[in-house]
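Trainee: One structure coming up, written as structure tokens, with questions to follow.
No lab work stands behind these numbers, since they all come straight from the coordinates. Computed from a prediction, not measured in an experiment: that's the story for all the values here. Quick reminder, even Gly has a Cβ in these numbers, built from the backbone with ideal geometry, and neighbours come from all protein chains shown.
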Amino acid sequence: MTETPAGAVFGAAPTVGVPELADWLRRFAALVAAAKDELTALDAAIGDADHGVNLDRGLQAVVARLPELGAPGATPASLLKGVALTLISTVGGASGPLYGTFFLRLAGSLGDAPAVGPGELAAGLRAGLDGMAERGRTQLDDKTMVDALAPAIAALAAGLPAAWDEVLARSVAAGAAGRDRVTPLVARKGRASYLGERSAGHQDPGATSAVLLLEALRDALAPAGAPG
Ligand SMILES: Nc1ncnc2c1ncn2[C@@H]1O[C@H](COP(=O)(O)OP(=O)(O)OP(=O)(O)O)[C@@H](O)[C@H]1O
Ligand SMILES: [Mg+2]
């Protein structure tokens, strides 16, 4: 059991510091690399067939920089800021600045802390989501990454202080449900929106990659012995 600064007790909740965040990014990069063709195929149907390729390129650049970004003296915020700037400069398109803003706001929310507990992480993810939605002028049901991330991050905050691995699993399930919930909808943002009614019935590429981000978080933060 771990005592958080707020005094709440979490079953086997980890402290999230630079190594855990670096692991999260490495796992996200691996999941995106494995799903690159699927993401690109989804984007071919309602966009310009570059989501998998763009995101993979950006995350490979992030992975290459992790030793430097996580070097002694790094804080969670400095690491995540470096991740954000790398994504913004290498991914391009709509998703680069949007994921970049997500990580930048998450970094800002964590301050100078050397490590944070689950409650602070959940609040930071919420700040990241709000930043992404502001940057993209995105609302729920626009059929974007936000539709997967919003319910997942809400589930994370609402689930605490249950067992951490269970909360992370519930968060992934909520994100996947959000991704699937908007598949029948008409896209209202980005290139997919140019298709109007023809975008309905296609799974959103960004919501799909956002679920990979959540799966990577679960796998990085699940206590030792849990799947992942
Ligand atoms: N305003 C927005 N807010 C949040 N997410 C968005 C927004 N616009 C697009 N997206 C997400 O970005 C994904 C497409 O990302 P991609 O890497 O292919 O960039 P892109 O080709 O420039 O995107 P697009 O052509 O959709 O603007 C979409 O599937 C959607 O989830
Ligand atoms: Mg695209």
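Trainee: Length gain on complete extension for the stretch ALA163 to ARG26, per 0.36 nm per residue less the alpha carbon to alpha carbon distance?
Mentor: This chain segment gains 46.9 nm when fully extended.
Trainee: Here's another thing I want to ask about it. Can you tell me which lysines have their Cα less than 26 Å from the Cα of LYS143? Leave out same-chain residues fewer than eight positions away.
Mentor: LYS36, LYS189
Trainee: Once amide H atoms are placed 1.01 Å from N in the peptide plane, what residues at a sequence separation of 5 or more from GLY17, or on another chain, have their amide H within under 5 Å of its amide H?
Mentor: Residues meeting the amide H criterion: VAL116.
Trainee: Then there's this: Only four residue types carry charge here, +1 at the Cβ of Lys and Arg and -1 at the Cβ of Asp and Glu. Report the dipole size of the range 13-221 about the Cα centre in Debye, rounded to the nearest 20.
Mentor: That gives a dipole near 340 debye.
Trainee: So what is Rg over Rh here for the chain, counting just Cα atoms and using Kirkwood for Rh?
Mentor: In the chain, Rg relative to Rh is 0.96.
Trainee: Also: Tell me, what ³J(HN,Hα) does each residue in the range 17-32 have, in order and in whole Hz, if you take phi through Karplus 6.51 cos²θ - 1.76 cosθ + 1.60 with θ = phi - 60° and put x for Gly and Pro?
Mentor: x, 4, x, 5, 5, 4, 5, 4, 5, 5, 5, 4, 4, 5, 5, 5
Trainee: Moving to a separate point now. Relative contact order for the chain: what percent, with Cα pairs under 8 Å and sequence separation of 6 or more?
Mentor: RCO, the chain: 24 percent.
Trainee: Pulled fully out, how much extra length does the chain show between ALA71 and GLU134, if you take 0.36 nm times their separation in residues and subtract their Cα-Cα distance?
Mentor: Net length gain for the segment: 19.5 nm.
Trainee: Local charge sum around GLY159 (other residues, Cβ-Cβ under 13 Å, Lys/Arg +1, Asp/Glu -1)?
Mentor: Net charge in that neighbourhood comes out at 0.
Trainee: Can you compute 3J(HN,Hα) from phi for each residue in the range 161-177, using the Karplus curve 6.51 cos²θ - 1.76 cosθ + 1.60 with θ = phi - 60°, rounded to whole Hz and x for Gly and Pro?
Mentor: With the stated coefficients, the range 161-177 comes to x, 7, 4, 4, 5, 5, 5, 5, 5, 5, 5, 5, 4, 5, x, 5, 5 Hz.
Trainee: If you don't mind, there's one more thing I want to ask. Amide H to amide H, which residues 5 or more places from LEU185 or on other chains are under 5 Å from it, using H placed in the peptide plane?
Mentor: GLY201
Trainee: Also, I was wondering about something else. Would you compute, from DSSP H runs of 4+ residues alone, the mean residue ellipticity of the chain at 222 nm, taking -39500 (n - 2.57) per run and dividing by the full residue count, rounded to the nearest 500?
Mentor: Roughly -21500 deg cm²/dmol at 222 nm, from the helical runs in the chain.
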